[in-house]
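This report concerns only the one structure given below.
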Amino acid sequence: MITLFHAPMSRSGSIVWLLEELGVPYQTKIVDIRRADGSGARAMENPHPHGKVPALIDGEDTVFEGSAIALYLSDKYRTKTMGPLTGQPQRGEYLSWLAYRPGVMEPAILARRFEIKHVYGAMGWAPADEVEEVLNNHLASRNYFLGDTFSAADIMLGGSINFLMMAKMVKETPVMLAYVARITARPAFHKMMEHDKR
Ligand SMILES: N[C@@H](CCC(=O)N[C@@H](CS)C(=O)NCC(=O)O)C(=O)O
């Protein structure tokens, strides 16, 4: 049985959403984490090396970091197609967008929020305004990150965009609002929200 180390109202919600989309059996282990307001503490049982969520144990495998978990699950569990496999069309795009969330999108938005000066050539991400332009341009002509097909990339990036837009850290645009409305209408998104109310 898959065990997801989860903290309600956190990034691990994306993995609850993905597991619900896949419809595979799993259990969540609710763990404490350090929160932005200074509350919380690391949980010793959490296998993430920094005590962050999400982390996941599946048999002999321990996986940490949201995008790695999304890729692991969408490759291994094919109860529903949540991303292209190696050798299939759009595999490269899929991997790129999964990497873009923690490598470019989130650091860019948070750096802007905390007023960290952007240094081209030093930071591995891009300025937040540029990231927003890329995302808006990409989604203006597509329903989902990979085009017409919803994938785990939409959960990872879209889930984060939804949160960041509600927190007023990402600008609301007609493109973003329509995209977020589309992905949050999915039953598995609502199951994830219900899970955190328990
Ligand atoms: N790069 C990680 C970020 C995970 C992360 O920072 N999660 C937050 C919750 S939203 C956390 O566990 N924070 C606790 C801490 O920083 O110690 C990922 O994408 O999975």
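Looking only at the range 114-162, count how many residues are in a loop (DSSP other than H, G, I, E, B) and within 26 Å of VAL16 (Cα to Cα). Lay out the reasoning, then the answer.
Step one: list which residues in the range 114-162 are in a loop (DSSP other than H, G, I, E, B), which gives 114-127, 141-143, 145-146, 148-151.
If we keep only those that are within 26 Å of VAL16 (Cα to Cα) as well, we get 142-143, 145-146, 148-151.
Residues flagged as in a loop (DSSP other than H, G, I, E, B) and within 26 Å of VAL16 (Cα to Cα) within the range 114-162 amount to 8.
Restricting to the range 88-109, name every residue that is of a type in the set (A, V, I, L, M, F, W, C) and away from the ligand (no atom under 11 Å from the Cβ).
Within the range 88-109, the first condition is being of a type in the set (A, V, I, L, M, F, W, C), and the residues that meet it are 95, 97-99, 104-105, 108-109.
Passing the criteria: LEU95, TRP97, VAL104, ALA108, ILE109.
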Cβ pairs under 6 Å, 6+ apart, first in the range 89-114 and within 10 Å of ALA153 (Cβ to Cβ), second small (Gly, Ala, Ser) and away from the ligand (no atom under 14 Å from the Cβ): TYR94/GLY83
Count of the range 185-198 residues which are surrounded by fewer than 15 Cβ atoms within 10 Å (Cβ to Cβ), in a helix (DSSP H, G or I) and of a type in the set (A, V, I, L, M, F, W, C): 1
Within the range 30-83, tally of residues that are more than 15 Å from TRP17 (Cα to Cα) and over 17 Å from the mean Cα position of the chain (by Cα): 29
MET9, sole failed condition from (1) on the phi > 0 side of the Ramachandran plot; (2) modelled with pLDDT of 95 or more: (2)
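To keep it simple, each residue is scored yes or no on (1) within 16 Å of the ligand (Cβ to nearest atom); (2) surrounded by 18 or more Cβ atoms within 10 Å (Cβ to Cβ).
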site: GLY23; (1), (2): no, no
site: ASP37; (1), (2): yes, no
site: VAL53; (1), (2): yes, yes
site: SER67; (1), (2): yes, yes
Scope the range 112-141; condition within 19 Å of MET166 (Cβ to Cβ) and small (Gly, Ala, Ser); matching residues: ALA128
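What number of residues within the range 55-65 are among the β-branched types (Val, Ile, Thr) and near the ligand (Cβ under 6 Å from one of its atoms)?
Restricting attention to the range 55-65, the residues satisfying the condition of being among the β-branched types (Val, Ile, Thr) are 57, 62-63.
Subset that is near the ligand (Cβ under 6 Å from one of its atoms): none.
Residues that pass the stated criteria total 0.
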Any chance ALA41 is within 12 Å of the ligand (Cβ to nearest atom), more than 20 Å from LYS197 (Cα to Cα), crowded, with 16+ Cβ neighbours inside 10 Å and of a type outside the set (D, E, K, R): no
Count - residues of the range 165-184 that are surrounded by 15 or more Cβ atoms within 10 Å (Cβ to Cβ), part of a helix (DSSP H, G or I) and among the hydrophobic types (A, V, I, L, M, F, W, C): 5
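The values are calculated or read from the model by the stated rules, or taken from the named source; none is laboratory data. In this text the structure is predicted, and so the values were computed from the model without any measurement. FYI the Cβ positions are ideal-geometry reconstructions off the backbone, even for glycines, and counts take in every protein chain you see.
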